[in-house]
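Here is the structure we will look at.
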Amino acid sequence: MNEQHVPPAEPKPSDPVKVPSPRLALALELFTLDRDPLPRMGRPRWLARLPHALVGYAAMFFGFLTTEQLMDHYHVKGGPPLAVALLTALSIWLAMFRPIAAWWLGLLAAGWTAWMTHGTVGQGQTWPWTPGGTFAFAPVLLLVALRVPPRVTIWVVGISLALTGAAEVAFHPDGGQVSSPGAAVLFGFVGLLGYALRALRLARGELVEQETLTAEERARRTVLEERSRIARELHDVVAHHMSVISIQAQVAPHLVDNPSEELKENLAGIRENALEALTELRRVLGVLRSEQPGDPAAPQHPQPTLAELDGLVDNVRGAGLEVTTEVAGVRRPLAPGVELTAYRIVQEALSNCLRHAPGSQVEVGVAYGPRELHLCVANSAPTQPAPPSQGAGHGLLGMRERAGMLGGELAAGPRPDGGYEVSAVLPMDPQSPPAGTGARTETKKAP
């Protein structure tokens, strides 16, 4: 019998996420060994490392102090005082990277110290904490309180004091003084200090984050206001004139007795082009006024692509130009930015031919390469005088900017026969050609 492997069931998005109980979460936080480095203070570099240098110095200082007190005051000889001193210094140093692990290590060093000094405590000497041991444990608690939540700090300080009190009640030697009152004051003060410094650091971080978000929001609002202003200007100027052109083209045949069919057809083409320009303008205005690209309140219409090239050429032919199109290579869908840029370049080049080369013959070439799209719009010498231009246009500049944004190139200049040529090379993502298709060349002649 063939056995089929059944993959384990994946959790559904609707399944509730199991959250550990508060007691379990607290236990995990008290027994964690996770790395939590001490944050740097900032610039300059020497100031950023200053806390780490101070902690390292404190580790060495309290290590030597522990050895000196155990040997000279509590008269513990041999290697154990050196081992406890090394453990104490290690706990302070480790608190810079793993605070909870360093706290447990510090408790271990304190317990070992209490066990060694239990039989040597003299009159007036403290137990289970030595004077130096209490102050050596304080930096560890401070570094813990700087990194953990307040509830964990409370438990850390509470456990430390509870162990101190239990040891004094159960094992306090004769003649020794209790150390729990002094330890309670010092550990409580250190815990409060660490909590306050941690709260101050978090508040500063939130303030910096809020300032950053405020600056970004202000910049975004400025951009939106500028876009809205541009949209208003475009609407007030361009949309008004295009609407007037459309209305005049609709009314003009009724102002002439027996208008010819050719006149009606040309006026209808003018009105259709004006309405199409208004539609394109509304799309642009919708994008400018929209705060979010996918805002349902401002639906986006599909942008023109090279698939609509034939309609664009037909409009130009209707305006009186003889246009020939040639498409080489395998036609395939391109990235939206490439499609839109290619369409706009051809559109602007044909508009320039209408304005500056009336009566000329225009050739439009589109070649699909393996990695690049080649465009060429060339016109012959005009056969009719061009109307005077009203100031310097921005057509060529706009085409170059569109090509440059995609990393492409655009060249424009006069031809030897008196015409003009615009050519562009646009990079595109290579895609596999559809199955069963091969390279072909399509040629469409003007009627």
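The values are calculated or read from the model by the stated rules, or taken from the named source; none is laboratory data. Being a predicted model, the structure only gives us computed values, none of them experimental. All Cβ positions, even for glycine, are placed from backbone atoms using ideal geometry, and neighbour counts span all protein chains on display. Accessible surface areas use protein heavy atoms only, side chains included; no ligands, DNA or RNA. Shrake-Rupley method; radii C 1.70, N 1.55, O 1.52, S 1.80 Å.
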Would you confirm whether or not the stretch 110-124 contains a residue that is closer than 18 Å to Gly191 by Cα and of a type in the set (Ser, Thr, Tyr)? no
For Glu226, which of the numbered conditions (1) farther than 30 Å from Val156 by Cβ; (2) open to solvent by less than 70 Å² (accessible area, probe 1.4 Å); (3) over 22 Å from the mean Cα position of the chain (by Cα) fails to hold? (2)
A careful count of residues in the stretch 26-49 that are at pLDDT 85 or above, exposed (fewer than 13 other Cβ atoms within 10 Å of the Cβ) and under 24 Å from Leu197 (Cβ atoms) gives 4
Inside the stretch 272-381, counting only strands (runs of 3 or more DSSP E) that do not spill past its ends, which hold 1 or more residues that are touching a Cys at 6+ places or on another chain (Cβ under 6 Å) and at pLDDT 80 or above? 361-368, 372-379
